[in-house]
Amino acid sequence: MADPSSYRPKPGQIPDSPGVYKFRDEHGRVIYVGKAKSLRQRLASYFQDLAGLHPRTRTMVTTAAAVEWTVVSTEVEALQLEYTWIKEFDPRFNVKYRDDKSYPYLAVTLNEEFPRVQVMRGAKKKGVRYFGPYGHAWAIRETVDLMLRVFPVRTCSAGVFKRSAQIGRPCLLGYIGKCSAPCVERISAADHRELAEEFCDFMAGRTGAYLRRLERQMQEAAEEMEYERAARLRDDIGALKRAMEKSAVVLADATDADLIAVAEDELEAAVQIFHVRGGRVRGQRGWVTDKVEAVTTGDLVEHALQQLYGEEQGDAVPKEVLVPALPEPVEPVAQWLSHRRGSQVSLRIPQRGDKKDLMATVGRNARQALALHKTKRASDLTTRSRALEEIAEALGLDSVPLRIECFDISHLQGDDVVASMVVFEDGLARKSEYRRFQIKGRVGDEQVWHGQGQDDVRSMHEVTARRFRRYLQEKQRSGEWTEEPAEDAPVEADAPVADGPMEPGAGRPVDEDGRPKRFAYPPQLVVVDGGAPQVAAARRALDELGIDDVAVCGLAKRLEEVWLPGEDDPVVLPRSSEGLYLLQRVRDEAHRFALRYQRTKRGKRLKASPLDAVAGLGDTRRQALLKHFGSLKKLRAATVDEICEVPGVGRKTAETVVAALAGAAPSAPAVNTATGEIIEDDGVPPAALSAERGQER
């Protein structure tokens, strides 16, 4: 626990102007980001008697080891910079809203030549128009099914669209009138785009003018005795009205507004948002957060507004935002919202009428969401806490291991050796900090080639040494550690994770960015997948680096025994133990992640071709060569003149190809052990991969 007076800035150092400040812990990681109208007054409030601080604020200032600030011109700039840094650094003491689910949106891909209507989840993409979010995907499909009668926009995938264009025949929707079939040129690209834009206008709430136009066309058709056309228009009007009825009118003045309600207790808060467009509820979503800082309802509203509109522009920000409490001060937030929209945005508390009644409904939803969340999480928190306590007791640790890192080695009969590192914090997987390694076969100063003495124990020693050598280097770089590292070997460039969503700022850390997202934050416990030899290798790697404050254990698969360094007998946890279950989850996750990387690496190797090394030969001409000759074997037998016959391949390139293939000796034919089939060099059948996987580790 740090003493705040040890890093308190000297009097007069802090400017009396708007700005954003950051608190860092002893490892340089940003743990809190805040903004202030006056940096001097706000920061002074943190360095008072600890007894007078809120418990959460007291925890934050005693965890921190340094504070720094950035001066800006206005409070609006401070608000924007605060949002950017919170997204970038993910500070542990800031309020972070978590979506309680991945909400589906109705999306129109206006960034394509032929826009497509579809259901989308996840991050929003540029050039795509979104409507929602909706509670269920089936609600979107029902609405779209009614709308396609009037707006027959493309809904098929790229593959179906391309296939229909090749065979010159549309899909079923084109035959039944629910697609205008641009794939077979029944409608031009410009007319189809205009149809998609009309669809967007109707979904955005501009329904009255369009319905009146259809009714006028229906009457004109009836007067001209075009009764079939009039009947079709009548049915179109009915379909649109049924689609509109699916979202009831809640505000009679056709308002575009977002209503935000907050339900909170001492520890947590739930936020519910209703998206109202054209007076109708077009979407609903909710978030839940831990109150890790001392915040008011207005502060929670401000954080929710940043979360909602931080990445939005234009019409995605409504003209009116109704909230239960206003942020303090409210003017910078209102100006920021207006800047995001490009026009004036009204941020206020509803006082009377339909809007106040609807706000009460949103508030009831927020209270129910908080109650449901607490019911679900109560047992979860208790279980995780008990699991960590059991692990600490079984391994004889001084405190519970809040951060656990697990390593696993994967290979296929000694080839493509890789390793994985997964991270669990507070008993939960933290996928943004997963890492993967290519095993180099380095033991001390000796290089050991794969398949010639390489084994799991040496690989475990290597990967553990590399991870913690990076940790020591980051400590030295930040000035926390001044001695020379135990080993003088170069630092390996270990590959970042590509599994699951990446956090903002997950790149290589440097002193000034405060993002130890790779290796600069140490665990309390290292778990290895294996028994006593693997544990001994990991412990030896730590001892060689002079690290003695990180515990090591191993979990053997055969009997699920927990091995400790230097112990002849394992620690046996009861089968019903929550601690054993958590260790199994950590070990299995490391195994899954390592196996996935190993398969990807092996797949790339199997697909490699001698043509890949030919300078100046790109994918297009490489594919043209293989298509022309049919296989690599036939291409190897071709002459320079025969290769020159391939369109786009000149004599110089042909000579280079012949030389490359002549230098690459053909490998012996492989045999699929499952079927006895001889695998040609044209490719590897899927059955071969299936047979290999049985011998993977």
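Please treat every number below as a calculation from the coordinates, not as lab data. As the structure is a computational prediction, the values presented were derived from the model and not from experiment. Every residue, glycine as well, gets a Cβ built from its backbone with ideal geometry; the counts of neighbours run over all protein chains shown.
For the listed peptides 3-10, 353-360, a ranking on the average number of other beta carbons within 10 Å per residue, highest first, reads 353-360, 3-10. Packing around the peptides 29-35, 192-198, taken as the average count of other Cβ atoms within 10 Å per residue, puts them in this order, highest first: 29-35, 192-198.
Across the stretch 618-627, coupling constants 3J(HN,Hα) worked out from phi with the 6.51/-1.76/1.60 Karplus curve, θ = phi - 60°, read x, 4, 5, 6, 5, 5, 5, 5, 5, 5 Hz, and Gly and Pro carry x.
Relative protection proxy for 383-393, 65-75, 455-465, from highest mean packing down: 455-465, 383-393, 65-75 (other beta-carbon atoms within 10 angstrom). Here the gap between T382 and S38, fully extended at 0.36 nm per residue and compared with their Cα-Cα distance, gives a gain of 119.7 nm. Seen through its C-alpha gyration tensor, with square-root eigenvalues sorted a ≥ b ≥ c, the stretch 279-353 comes out rounded because a/c lies under 1.5. The HN-Hα couplings worked out from phi for the stretch 302-307 by the Karplus form 6.51 cos²θ - 1.76 cosθ + 1.60 (θ = phi - 60°) are 4, 4, 5, 5, 4, 5 Hz, whole numbers, x standing for Gly and Pro.
Net length available on complete extension from K126 to D145 is 4.3 nm, with 0.36 nm assigned per residue and the Cα-Cα distance removed. With K and R counted +1 and D and E -1, the other residues having a Cβ less than 13 Å from that of S157 yield a net charge of +3.
Counting 0.36 nm for each residue step from R651 to L428 and taking away their Cα separation leaves a gain of 74.3 nm.
Given R0 = 35 Å, the distance between the Cβ atoms of R575 and R596 translates into a calculated FRET efficiency of 0.80. In order along the stretch 392-409, phi translates into HN-Hα couplings of 4, 5, 5, 8, x, 7, 6, 8, 5, x, 5, 10, 10, 10, 10, 10, 9, 10 Hz, rounded to whole numbers, per the Karplus curve 6.51 cos²θ - 1.76 cosθ + 1.60 with θ = phi - 60° and x for Gly and Pro.
Looking at the square roots a ≥ b ≥ c of the eigenvalues of the Cα gyration tensor of the stretch 176-238, which shape do they give, rounded for a/c under 1.5, prolate if a/b is larger than b/c, or oblate? Because a/c hits 1.5 or more and a/b fails to exceed b/c, the stretch 176-238 counts as oblate.
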